[in-house]
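The values are calculated or read from the model by the stated rules, or taken from the named source; none is laboratory data. All of these numbers come straight from a predicted model, not from anything done at the bench. A quick note on method: Cβ atoms are made from the backbone with ideal geometry, for glycine too, and the neighbour counts reach across all protein chains shown.
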Amino acid sequence: MVSMSRLCALFLLAAAVALPQKISFGLKGGVPLTDALKVTDSSRYFSDKAPFVIGPAVELHLPLGLSVEADLLYRRLQYGAPAGAASTTGQVWEVPLLAKGRLPSLLIFTPFVSAGFSFRRLASLANGRGPTVGGGLEAKLPHIRLSAEMRYTRWGASTLKSALAGLTSQLNQADVMLGIMF
């Protein structure tokens, strides 16, 4: 068992390392490349791809080009019956927690890779989680950083499968994201 003095020393060391680090806040947004829903019975359902994904982001910069990022992303989903009945619109909230590594700069652009886990809440139906990987380019300008990235998430299970027969949530999700951080 870890003694209390060792635990306190560990917290003090972590605080000393984290204190001088820079924290960035900003906005991430983009376009999904995949539909959030998969129609398995087209006689009962249709699905419209969400037109966008958007939300706030925070990043803690660490030494050696490393950082930790957390986002709160919103996407809309819509499904309905093909016979002209009213469609249903839902909300998906995702929280990606990512470790980022920046590679050596290429002129004004810095390539980066990211990996971690994403957690989602699909309307009021179910929760999901899955590993997320990504990569892209970042441009550091005076007072802001602009980024373009591609992210892929592999969800662990379909969260709608048991709720609605003929309609499931996709297991594979890909997004093209743009970000502005201050």
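Do any strands (runs of 3 or more DSSP E) lying entirely in the stretch 56-111 carry at least 2 residues that are modelled with pLDDT under 85 and buried (at least 16 other Cβ atoms within 10 Å of the Cβ), and which ones are they? Lay out the reasoning, then the answer.
Values: elements: 66-71, 73-80, 88-102.
Correct list: 73-80.
Look through 43, 47 and report the one residue that is under 19 Å from residue 172 (Cβ atoms) and either among the polar types (S, T, N, Q) or not in a strand (DSSP E or B) (or both).
On the way: 43 fails: under 19 Å from residue 172 (Cβ atoms).
Result: 47 is the single residue among 43, 47 that is under 19 Å from residue 172 (Cβ atoms) and either among the polar types (S, T, N, Q) or not in a strand (DSSP E or B) (or both).
Would you call residue 119 within 19 Å of residue 146 (Cα to Cα) and in a strand (DSSP E or B)?
On the way: within 19 Å of residue 146 (Cα to Cα): no; in a strand (DSSP E or B): yes.
Judged against the criteria, residue 119 is not a match.
Would you confirm, using the coordinates I've provided, whether residue 150 is modelled with pLDDT of 95 or more, surrounded by 14 or more Cβ atoms within 10 Å (Cβ to Cβ) and over 22 Å from residue 36 (Cβ atoms)?
Working: modelled with pLDDT of 95 or more: yes; surrounded by 14 or more Cβ atoms within 10 Å (Cβ to Cβ): yes; over 22 Å from residue 36 (Cβ atoms): no.
It is false that residue 150 is modelled with pLDDT of 95 or more, surrounded by 14 or more Cβ atoms within 10 Å (Cβ to Cβ) and over 22 Å from residue 36 (Cβ atoms).
State which residue is modelled with the lowest pLDDT when the search covers only the stretch 2-40 and only residues that are part of a loop (DSSP other than H, G, I, E, B), buried (at least 16 other Cβ atoms within 10 Å of the Cβ) and not aliphatic (A, V, I, L, M).
Filtering the stretch 2-40 for residues part of a loop (DSSP other than H, G, I, E, B) gives 2-3, 19-22, 33-36, 40.
Filter once more, so that each one left must be buried (at least 16 other Cβ atoms within 10 Å of the Cβ): 34-36.
Filter again for not aliphatic (A, V, I, L, M), leaving 34-35.
Numbers: 34: 88, 35: 84.
In this case the residue turns out to be 35.
For the stretch 23-62, how many residues are closer than 30 Å to residue 105 by Cβ and touching a residue at least 40 places away in the same chain (Cβ under 8 Å)?
Residues flagged as closer than 30 Å to residue 105 by Cβ and touching a residue at least 40 places away in the same chain (Cβ under 8 Å) within the stretch 23-62 amount to 16.
For the list (1) under 16 Å from the mean Cα position of the chain (by Cα); (2) more than 28 Å from residue 157 (Cβ to Cβ), I need the number of the one condition that residue 129 fails.
Only one criterion is unmet by residue 129, namely (2).
Just give me the residues in the stretch 153-181 being modelled with pLDDT of 95 or more and of a type in the set (A, V, I, L, M, F, W, C), in sequence order.
174, 176, 177, 178, 180, 181
Would you point out which residue out of 65, 90 is under 25 Å from residue 181 (Cβ atoms) and either in contact with a strand residue (DSSP E or B) (Cβ under 9 Å, 6 or more places away or on another chain) or not aliphatic (A, V, I, L, M) (or both)? Give the derivation first.
Details: 90 fails: under 25 Å from residue 181 (Cβ atoms).
Being under 25 Å from residue 181 (Cβ atoms) and either in contact with a strand residue (DSSP E or B) (Cβ under 9 Å, 6 or more places away or on another chain) or not aliphatic (A, V, I, L, M) (or both) holds for just one of 65, 90, which is 65.
Output yes when any residue across the stretch 68-76 is of a type in the set (Phe, Trp, Tyr), without any contact (Cβ under 8 Å) to a residue 40 or more places away in the chain and on the phi < 0 side of the Ramachandran plot, and no when none is.
Pass one, the stretch 68-76, residues of a type in the set (Phe, Trp, Tyr): 74.
Subsequent filtering for residues that are without any contact (Cβ under 8 Å) to a residue 40 or more places away in the chain retains 74.
Retained after the next criterion (residues that are on the phi < 0 side of the Ramachandran plot): 74.
Yes, some residue in the stretch 68-76 is of a type in the set (Phe, Trp, Tyr), without any contact (Cβ under 8 Å) to a residue 40 or more places away in the chain and on the phi < 0 side of the Ramachandran plot.
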